[in-house]
1. Please state, to two decimals, what the Cα-based radius of gyration of the range 5-66 comes to when divided by 2.2 N^0.38 Å (N = residues).
2. Spin-label point model (7 Å from Cα, Cβ direction): what's the VAL31 to GLU19 distance in nm?
3. Among 28-39, 8-19, 57-68, how do they line up by average Cβ neighbours within 10 Å per residue, starting with the highest?
Amino acid sequence: MLYEEFGGPEVLKLRDVPEPHAGPGEIRIRVAAVGLNPMDPAFAAMPELAARFKITLPSGFGYDFAGLCRRGGPRHRRIHDRRARVRRRDGSEQQQTSS
């Protein structure tokens, strides 16, 4: 679900996106669960708020998720780790990993 302009639910669009590939220092996660953060609709509706958090268009939801690390880029060896990520309101992120 993406939005390419700011507004309410009417600006949300279901779009196909290219399959991601893990680059150096990155991982690819098979997402098992996604939470809709209460801030997500606010970012979509309020450009001033989105700018404060450096959110640019096009954008989407799903910054809070849990899943399984499926692929690693070069030099990444810990495949099949369980991962969880939460993006905080101040823009910082918290990640947890377990093997």
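Coordinate-derived values only; no laboratory data. Please read all numbers here as calculations on a predicted model, not as lab measurements. Note that each Cβ is placed from the backbone with ideal geometry, even for glycine, and that neighbours are counted across all protein chains shown.
1. Details: Rg = 13.4 Å, N = 62, 2.2 N^0.38 = 10.6 Å.
Relative to the 2.2 N^0.38 Å estimate, the range 5-66 comes out at 1.26.
2. 1.7
3. Numbers: 28-39: 13.5, 8-19: 9.2, 57-68: 15.7.
Output ranking for 28-39, 8-19, 57-68: 57-68, 28-39, 8-19.
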